[in-house]
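Participant: Before I ask anything, let me first share the structure, which is written out below as structure tokens.
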Amino acid sequence: AWSVRVRRLHEQVGRDLDHRDTSAVWVLREMARADGADAARMPVVFTSALGVEDTLSNRIRRPVWSVAQTPQVCLDQQVMERAGGLSLTWDVVEDLYPPGVIDAMFSAQQRLLDWASGSDWSGSPPDPLPAEQRAVRLAVNDTAGPVPQGTLHGEFFRHARADPARVALAWGSAGRMSYGELADQALRIATALRRRGVTAGDPVAVSLPKRPGQIAAVLGVLAAGGVYVPVGVDQPPVRRERILATAGTRLVLTAGSHPERGTVGGESVALPDALSCPPASAPLPVEPDALAYVIFTSGSTGEPKGVEVTHRSAANTVHDVNARFGVGPTDRVLAVSALDFDLSVYDIFGMLTAGAALVLLDDDERADPGRWLDLAGRHRVSIWNSVPALLDMLLDAAADRRLPTLRLALVSGDRVGLDLAPRLAAWSPETRLVALGGATEAAIWSNHYRVTGVPEHGTSVPYGFPLGNQRYRVVDAEGRDRPDWAAGELWIGGLGVARGYRGDAEQTRRRFVQAGGERWYRTGDIGRYWPDGTLEFLGRADQQVKIRGHRVELGEIEAALASHPDVRAAVAVVAPDVGQPVTFVVPAGCPPDPGALAAFLAERLPSYAVPIRYHIVEDLPLTANGKVDRPRLVSLARPQSPIGTAHSGPRGDTERVLAGLWADLLGVDDVPRDASFFALGGDSLLAARLTSRIRDRLGADVALRTLFAAPTVAELAPLIEPRTGTGDSDDLEEGIL
């Protein structure tokens with residue numbers, strides 16, 4: 001209650017006044033000396049003269065002008081008694097605040113004081129959100145539109161009946177599969193699943209490579225009335241077993257030809273065996289509010305969280321995005337996202353709902369932007385859908401290669417840098433860039449922003465506005481709407497909100513809440529509203545981060561490390577140089593080998609969550625209140641070049657150019673000629689960027705497999721020199737594409 005909060009603050013002020021003999025100027029100086037900061041350390045000051053007799057001020061009935069000049073103070077609020085009333089004065093450096101903010105803040109304080117002076121404080125104080133701002137929020141969140149009444153896969157089977165010869169899938173140089181052929185395979189898989197007892201609502205795992213059979217398997221599970229659970233073929237064994245156990249699957253669709261029984265997740269059903277069954281006559285009818293899929297995300301306790309999404313929720317996003325951006329039968333998307341990443345839901349069902357086609361990549365092509373360009377050009381791809389980093393890689397690799405059919409680029413899953421739009425416009429002026437956002441818990445996406453230039457505010461492209469039948473709030477710790485420019489937690493409401501977390505009622509209760517007669521998902525993201533109703537994403541409130549577009553709980557990495565017998569404690573942070581996880585490990589006895597730790601985690605975490613560096617430390621730095629000093633660890637996470645007696649610098653022009661490219665990409669000062677690119681912090685995405693820069697700088701097209709085989713400057717340089725004319729061409733052979 002308000003009265004309890006006021007009493008608590010009153011008691012705190014009383015305790016603070018015990019230190020009134022300590023000079024505030026001295027405190028500021030000591031704070032600045034401790035960390036070397038020279039910014040305003042006390043930007044808001046409250047100056048109270050209540051209870052202090054001021055004969056002069058009582059004689060001045062109506063002050064005309066006053067000024068306060070306090071160093072390092074942005075807002076100085078002064079209160080005093082005057083003429084039997086309360087006088088409020090704000091001295092403000094107005095240029096430090098966006099237009100309208102100070103007036104809105106002062107008005108909110110006036111409303112609060114008016115209420116407090118005429119209330120017994122037993123009720124709730126007035127809403128701090130100004131009425132005009134609430135009107136803007138209501139307008140931008142008025143997104144009601146047609147509600148999908150069918151299933152996620154229903155439109156695909158309708159297209160397959162009406163136009164079975166239409167191309168549904170394309171791959172490689174000439175691979176094609178029609179809607180009719182894909183539907184036939186899906187219905188055969190449905191028969192196989194039904195014969196093994198799958199009924200409406202049963203979860204079935206799909207663990208297949210990114211090929212036509214994977215898409216057929218997803219459609220087959222849904223046609224059997226089941227719920228598909230994507231499990232990446234590259235998932236480490238321990239994490240795979242946790243996913244299957246939490247999902248409660250009895251069957252796992254795999255590529256193997258010999259089904260295995262008695263494993264976690266139930267019976268393994270080989271795809272070739274399923275395709276040998278006769279096709280079902282039609283998909284099993286299910287309700288739109290039935291579950292369609294369960295996708296697992298990272299969990300802070302070390303356990304993956306399975307997000308349950310219904311047909312209606314996902315179909316609402318798919319239909320809205322298709323209608324909003326004119327997606328139709330002539331479109332094609334390059335499916336670069338893995339099945340267990342929810343962008344794949346739109347790749348599959350966005351295209352198949354519209355009568356369009358997917359262009360499939362083999363798993364070993366997913367990190368090769370040169371191959372993306374080949375396939376996109378050959379199959380006339382018109383839509384790009386990925387995290388921003390992958391579009392950035394495509395632009396790096398493209399150079400003078402154009403994709404004349406590319407009309408729409410959808411990016412989501414991470415911050416969208418302000419440089420991406422001008423780079424895309426310079427490469428492909430006809431391609432429209434759209435930033436999307438949201439959460440797996442809200443059916444792929446919940447907001448959109450058409451990027452037409454550099455936004456007036458912020459350091460990245462904003463979230464923008466809600467999609468159809470979806471809504472947003474920015475709230476404080478008590479669930480009250482925050483005013484414009486004030487940061488708060490992002491809540492998502494509307495049709496996209498998931499049912500909850502599979503088998504985890506407590507997490508579901510905490511993250512999916514009822515407020516104002518509506519169900520909301522608490523994202524844990526921090527954002528704010530601009531005065532025009534634009535939503536800006538500011539970051540995470542907890543330790544959940546985005547790594548290569550995948551959402552990762554740093555706590556899951558820490559929990560996995562803590563289970564190692566040689567680890568007493570561990571903290572994971574994201575390295576600022578490469579955006580990848582780095583860990584600080586306190587050993588339980590003898591220091592563990594970093595290579596052994598990496599191998600241990602590779603069996604328990606997805607590849608993108610495995611740290612790139614391991615720092616063995618005696619103790620973890622702590623803040624003044626005894627918590628782990630994560631900002632300090634972030635500052636220590638930058639890699640140190642391993643130059644020493646065992647290493648030497650680059651030799652010759654080619655090695656020096658390569659070392660410079662590595663240093664720029666990895667954020668290190670020096671690159672030893674015999675140090676591995678990956679040991680210095682490189683990963684597959686950075687490797688793809690490196691190959692593009694080698695081509696631009698040295699004119700050599702280096703295959704990714706070559707970089708993996710020759711990961712040091714000393715090993716790679718001889719393979720490049722023949723192409724650049726500085727060596728013997730007989731040394732080349734397999735190194736160049």
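Participant: May I ask you to derive the FRET efficiency for Val93 and Glu241 from their Cβ-Cβ distance with R0 = 41 Å, giving the value to the nearest 0.05?
Facilitator: 0.10
Participant: Another question about this same structure. Could you estimate the translational diffusion coefficient of the chain from the Stokes-Einstein equation, with Rh from the Kirkwood formula over C-alpha pairs, at 4 °C and 1.567 mPa s, in whole µm²/s?
Facilitator: It comes out at roughly 45 µm²/s.
Participant: Using a 1.4 Å probe, what is the accessible area per residue for the chain, in Å²?
Facilitator: For the chain, the solvent-accessible area averages 45 Å² per residue.
Participant: Something else: For Arg176 and Arg697, what is the calculated FRET efficiency with R₀ set at 41 Å and r taken between the beta-carbons, to the nearest 0.05?
Facilitator: Working: r = 38 Å, r/R0 = 0.94.
It comes to 0.60.
Participant: Additional query: Which whole-number percent gives the relative contact order of the chain, counting Cα pairs below 8 Å spaced six or more residues apart?
Facilitator: So the answer I get is 9 percent.
Participant: Another question about this same structure. For the chain, what is the mean residue ellipticity at 222 nm derived from helices alone (per DSSP H run of n ≥ 4: -39500 (n - 2.57); sum divided by total residues; nearest 500 deg cm²/dmol)?
Facilitator: It lands at -10000 deg cm²/dmol.
Participant: Next question. Tell me, what is the FRET efficiency for Glu506 and Val25 to the nearest 0.05, using R0 = 51 angstrom and their Cβ-Cβ distance as r?
Facilitator: The calculated FRET efficiency here is 0.55.
Participant: When you count, for each residue, the other Cβ atoms within 10 Å and take the mean per peptide, how do 193-199, 23-29, 344-350 rank with the highest first?
Facilitator: 344-350, 193-199, 23-29
Participant: Which value, in debye to the nearest 20, describes the size of the charge dipole of the stretch 382-459 about its Cα centre when Lys and Arg Cβ atoms bear +1, Asp and Glu Cβ atoms bear -1, and nothing else is charged?
Facilitator: Roughly 240 debye for the stretch 382-459.
Participant: Could you give the dipole magnitude of the chain about its Cα centre, charging the beta-carbon of Lys and Arg +1 and that of Asp and Glu -1, in debye to the nearest 20?
Facilitator: 1800 debye
Participant: Asp103 to Ala598: extension gain in nm, 0.36 nm per residue of separation minus the Cα-Cα distance?
Facilitator: 172.7 nm
Participant: Now a separate question. Please work out how much accessible surface Val571 shows to a 1.4 Å probe, ignoring ligands, DNA and RNA, in Å² rounded to 10.
Facilitator: 10 Å²
Participant: Could you give the nm distance between label points at Thr47 and Ala399, where each point is 7 Å from its Cα heading toward the beta carbon?
Facilitator: So the two model labels end up 6.5 nm from each other.
Participant: How do Asp392, Asp234, Asp414, Asp368 rank by accessible surface area computed with a 1.4 Å probe, from largest to smallest? Please list the in-between numbers first.
Facilitator: On the way: Asp392 25, Asp234 100, Asp414 70, Asp368 45 Å².
In descending accessible area the options line up as Asp234, Asp414, Asp368, Asp392.
Participant: Quick check: at a probe of 1.4 Å, how many percent of the accessible area of the stretch 61-193 sits on carbon and sulfur atoms?
Facilitator: Taking all protein chains in place, the stretch 61-193 shows 54 percent carbon and sulfur surface.
Participant: Just to confirm a number: summing +1 for Lys and Arg and -1 for Asp and Glu over residues other than Val147 whose beta-carbon lies under 12 angstrom from that of Val147, what do you get?
Facilitator: Working: positive: Arg312; negative: Asp289, Asp320.
Once positives and negatives cancel, what remains is -1.
Participant: What size of dipole, in debye to the nearest 20, comes out for the stretch 487-536 about its Cα centre when the only charges are +1 on Lys and Arg C-beta atoms and -1 on Asp and Glu C-beta atoms?
Facilitator: Using only the charged Cβ atoms, the result is roughly 300 debye.
Participant: Projecting each Cα onto the charge dipole of the chain (Lys/Arg +1, Asp/Glu -1 at the beta carbon, about the Cα centre), which of Val668, Ala588, Phe296 comes out farthest on the positive side?
Facilitator: Phe296
The values are calculated or read from the model by the stated rules, or taken from the named source; none is laboratory data. As the structure is a computational prediction, the values presented were derived from the model and not from experiment. Cβ atoms come from the backbone with ideal geometry, glycine included; neighbour counts cover every protein chain shown. All accessible areas refer to the heavy atoms of the entire protein, side chains included, with ligands and DNA or RNA removed. Shrake-Rupley method; radii C 1.70, N 1.55, O 1.52, S 1.80 Å.
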